[in-house]
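Each remark here refers to the structure printed beneath this line.
Values in this text are rule-based calculations from the coordinates and carry no lab data. Bear in mind that the values here come from a model prediction, so they are computed numbers and not experimental data. Cβ sites come from the backbone with ideal geometry, for glycine too, and all protein chains shown count toward neighbours.
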Amino acid sequence: MINNRDSFRLRKQMDVIWSVPEQQAGGEGNILNISLSGMSFETDRLFSPEHGMSIHLKSAQIPPLPSKGKLVWFRKAGEGNRHYQCGIRFFKESVYSPVWAQWMEDNILKLADTGDNNILNHYLDIEEQE
């Protein structure tokens, strides 16, 4: 299978509130990873998933999170299969939001800084042990 993702995926668990207005369904979930163009998350309850359906999203931890996306994949997950893992592609108008792009860039840079520090600290620990 070819990975055709065009955006860096930030693996950062955060809370999300989701809804499917057409089904009068909704709940809470955990974001598993997120990119400029979409995200994957795990729901807290089952709903009737259909490829291409619109899902509304909100997160207090990510104020500029695009508010709507299209369901591109799903699978049952969690204990007793009472949850879904869902892949969402944000609608194009949301992806081009400067505020959203800036939030993603800031968080990717924070991750890079942390990664550099972890590498440096690991290197310094090795030198001290020698």
* How do the pairs read when you match residues in the range 59-87 that are free of Cβ contacts under 8 Å to residues at least 40 places away in the same chain and under 14 Å from ILE17 (Cα atoms) with residues anywhere that are assigned to a strand (DSSP E or B) and among the basic types (Lys, Arg), using Cβ under 9 Å and keeping only pairs 6 or more apart or on different chains? -> SER67/LYS58; GLY69/ARG89
* To do: Answer with yes or no whether GLY80 is under 22 Å from LEU111 (Cβ atoms) and small (Gly, Ala, Ser).
  => no
